[in-house]
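Contents: one structure, followed by commentary.
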Amino acid sequence: MKSPLLSLPGAVPAEGSDEGVAAHYGDLFREQRALADGAGMVDLSHRGVVTVTGDDRLSWLHLLLTQHMTGLPAGRAAEALILTANGHIEHALYLVDDGTTVWAHVEPGTQEALIAYLESMKFFYRVEVADRTDDIAVVHLPAGSIADLPAGVPVRETAYGRDLFLPRADLEAYASVHGPPAGILAYEALRVEGHRPRVGFETDHRTIPHELGWIGTAVHLDKGCYRGQETVARVQNLGKPPRRLVFLHLDGSEVHLPGPGTPVRLASDGEDGRQLGFVTSSARHHELGPIALALVKRNVPLDARLLAGETAAAQEPVVEP
């Protein structure tokens, strides 16, 4: 779905998973600095929007999601995952309940598969699941923003900002008042800086929540009764995850960023050394320079210098080994 904000002066369309919104509006670092200062907004209207209504919505979701949903207070933001039977990550939901409806936004293009799974699990519960992507646009306001919140619009408030579930028809008017907008590249650079994982970027077909630091934030350990819970409990109580997320400071002299999937090796072994992981996301940050997230084997020494492709990298642990 193509955003109307792509018609704004200087807008450059994003590609890949974020196609449909602007990568930037002509000045990537200015847009990042504005967001860091609590100004502007980000058009996330390409993300899927799913709602769940009905008297049983919280107790039903409690059985399906990794998050503790029973008794979730209205207006409190939450993150939750849906896992496979083997505990691998399938979906991440960024949600809030407004007292009558659970609103969630998900990765672009994944809402149909999510809804198909939810519909298959309804049974006798009094719930209705709906795809609201066509009429609702997600808008992100950075932490510290003083932008007005439209009356009646559901809002997820987190430490890094607010997500608004705005009627799509109001998107252009809202941006004209609360812009200038920042592109998805600025938003992603701050996400990487904040070590926040993203499904489809930091995950592959075998990623478990422990590897990405989602235990305690998106996975509640004092509940059971969800698909994949056995794996979560076993790794938490008896073992360690096979991989861990790291934050990389990349050599700023390189012209090109190492893209997702770029092999990570020990710098001492050179470019022909054994692969120990791979880059998941990379970005150019307005203060830190080139940065990245990577998933590496748990036994990689914390003080080891790394290579991301041909680029030298210093690591900071996100998940402890």
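The values are calculated or read from the model by the stated rules, or taken from the named source; none is laboratory data. None of these values were measured; they are calculated from a predicted model. Positions of Cβ are generated from backbone atoms using ideal geometry, with glycine treated the same way; all protein chains shown enter the neighbour counts. Ligands, DNA and RNA are excluded from the accessible area calculation, which covers all protein heavy atoms including side chains. Shrake-Rupley method; radii C 1.70, N 1.55, O 1.52, S 1.80 Å.
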Listed residues Thr66, Ala80, Leu164: farthest to the positive end of the dipole of the chain (Cβ charges): Thr66
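Could you work out [θ]222 nm for the chain from helices alone, using -39500 (n - 2.57) per DSSP H run of at least four and dividing by all its residues? Round to the nearest 500 deg cm²/dmol.
Values: 6 runs with 55 residues, N = 321.
Estimated from H runs of four or more residues: -5000 deg cm²/dmol.
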Sorted by chain and number, the residues with a modelled amide H under 5 Å from that of Leu83, at a separation of 5 or more or across chains, are Glu90
Count the net charge of all other residues whose Cβ sits under 15 Å from the Cβ of His285, scoring Lys and Arg as +1 and Asp and Glu as -1. -4
Which loop trypsin sites (Lys or Arg not before Pro) in the stretch 234-321, with loop taken from DSSP, have no more than 16 other Cβ atoms within 10 angstrom of their Cβ? Arg274, Arg298, Arg305
Net charge over other residues, Cβ less than 15 angstrom from the Cβ of Arg57 (K, R count +1; D, E count -1): -2
Given unit charges at Cβ for Lys, Arg (+) and Asp, Glu (-), the dipole magnitude of the chain about its Cα centre in debye, nearest 20, is 840 debye
Other residues with Cβ under 15 Å from the Cβ of Phe124 give, with Lys and Arg +1 and Asp and Glu -1, a net charge of -1
Considering only Ile291, Ala233, Gly252, whose Cα is most displaced toward the positive end of the charge dipole of the stretch 202-321, charges sitting on Cβ of Lys, Arg (+1) and Asp, Glu (-1)? Ala233
Which of the lysines could a cross-linker bridge to Lys297, judged by Cα under 19 Å and excluding same-chain residues fewer than eight apart? Lys240
Mean accessible area per residue over the chain (1.4 angstrom probe, all protein chains present, square angstrom) is 44 Å²
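Once you sort the root eigenvalues of the Cα gyration tensor of the stretch 207-321 as a ≥ b ≥ c, which label holds: rounded (a/c under 1.5), prolate (a/b larger than b/c) or oblate (the other case)? Don't skip to the end; give the middle numbers.
Working: a/c = 2.75, a/b = 1.92, b/c = 1.43.
Cα axes put the stretch 207-321 in the prolate bin.
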Rounded to the nearest 0.05, what FRET efficiency do His256 and Glu316 give with R0 = 22 Å and r taken as the Cβ-Cβ distance? Could you check? 0.50
On the protein heavy atoms, probe 1.4 angstrom, tell me the percent of accessible surface of the chain carried by carbon and sulfur. 51 percent
